[in-house]
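So the structure is just underneath, and the comments pick up after that.
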Amino acid sequence: MPKQVCPGQPASLNLPEKYAGQWVAISGDKVVGAAPTIDKAFAAASEKGEKHPKMVHIPDRAEHLFF
Amino acid sequence: MEFDYTTLVQGGRPRPYLEIKIRQAGGTNEFDFYGIVDSGADSTAFPFGAAILIGLTDLSKFSQEDCGGATGETTGYVQEAEICVLGTWYRWKITFLPELNDNALLGRADFFRVFRVGFDELAQKFDITPHASND
């Protein structure tokens, strides 16, 4: 049976470590803004004309365990 | 429906994220976020920055709740908002946390009441099924 594709399945972004600990604004499959805070990441995207980017926080790789 | 755990950073730990949307109750200004399915969260929470993005900027319209977490005590700002999960919009009381600098937490009082959730940690997959009654 083919695997069911669900609309809620996020892309495994696998972003480079430079984005760890950052909020990233994503349009399509491109990062259009990145900053330590959500408002600054959105502002960076907005300056590029992206009004509704996807907002994702990228965990710090050093944060090995999450509680 | 079955989902794979998601890795956000190279070399990072795969976790049970869903892609969701948020907007004001009755609003149209929608933003996509990732939410982690978190049975340890009493209810669904977003970083306060999400409230600002969708236009919830009047602090007098939030109720305040004392909240506790792994990082200590904080104040949560609670207001109804609409969350889209798997294409369906739900109106839930969302706790917006100024101290939460992370993706949304999909918690028990709302998400887990709508969906039956199962984890397969070995396979790094999770499964969510809407309950028969989703109100």
Could you tell me whether segment B:70-92 includes any residue that is among the basic types (Lys, Arg), without any contact (Cβ under 8 Å) to a residue 60 or more places away in the chain and over 25 Å from A:Pro36 (Cβ atoms)?
no
Taking B:Ala50 as the residue in question, decide whether it is farther than 15 Å from B:Tyr90 by Cα and either modelled with pLDDT of 95 or more or touching a Cys at 6+ places or on another chain (Cβ under 9 Å) (or both).
yes
Determine which member of the set B:Leu59, B:Leu100 is at pLDDT below 95 and surrounded by 21 or more Cβ atoms within 10 Å (Cβ to Cβ).
B:Leu100
Of the residues B:Val9, B:Val37, only one is in contact with a Leu (Cβ under 7 Å, 6 or more places away or on another chain) and either open to solvent by 20 Å² or more (accessible area, probe 1.4 Å) or at pLDDT below 95 (or both); which?
B:Val9
State yes or no: is B:Ser39 over 28 Å from A:Ala43 (Cβ atoms) and not in a strand (DSSP E or B)?
yes
Considering only segment B:91-124, state which residues are within 13 Å of chain A (Cβ to nearest Cβ), of a type outside the set (Val, Ile, Thr) and not in a loop (DSSP other than H, G, I, E, B).
B:Phe96, B:Leu97, B:Ala104, B:Leu105, B:Leu106, B:Phe111, B:Phe115
Just the residues that are among the acidic types (Asp, Glu) and in contact with a Cys (Cβ under 9 Å, 6 or more places away or on another chain), please, taken from segment B:1-31.
B:Glu2, B:Glu30
In segment A:29-43, the residues that are surrounded by 14 or more Cβ atoms within 10 Å (Cβ to Cβ) and of a type in the set (Lys, Arg)
A:Lys40
Among the strands (runs of 3 or more DSSP E) lying completely within segment A:5-59, list those that include at least 1 residues that are within 9 Å of another protein chain (Cβ to nearest Cβ), within 21 Å of B:Leu18 (Cα to Cα) and at pLDDT 95 or above.
A:23-27, A:54-57
Kindly indicate whether any position in segment B:51-69 is under 30 Å from A:Ala45 (Cα atoms), hydrophobic (A, V, I, L, M, F, W, C) and in contact (Cβ under 8 Å) with a residue 40 or more places away in the chain.
yes
Subset of segment B:66-97, residues modelled with pLDDT under 95, open to solvent by 90 Å² or more (accessible area, probe 1.4 Å) and within 19 Å of B:Gly35 (Cβ to Cβ), comes to B:Thr71
Matching option when the condition is free of Cβ contacts under 8 Å to residues at least 40 places away in the same chain, hydrophobic (A, V, I, L, M, F, W, C) and open to solvent by 50 Å² or more (accessible area, probe 1.4 Å), among B:Ala132, B:Ala109
B:Ala132
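The values are calculated or read from the model by the stated rules, or taken from the named source; none is laboratory data. These numbers were taken from a predicted model, which means no experiment stands behind them. Don't worry about glycine lacking a Cβ; one is built from the backbone with ideal geometry, like all the others, and counts go over all protein chains shown. Accessible surface areas use protein heavy atoms only, side chains included; no ligands, DNA or RNA. Shrake-Rupley method; radii C 1.70, N 1.55, O 1.52, S 1.80 Å.
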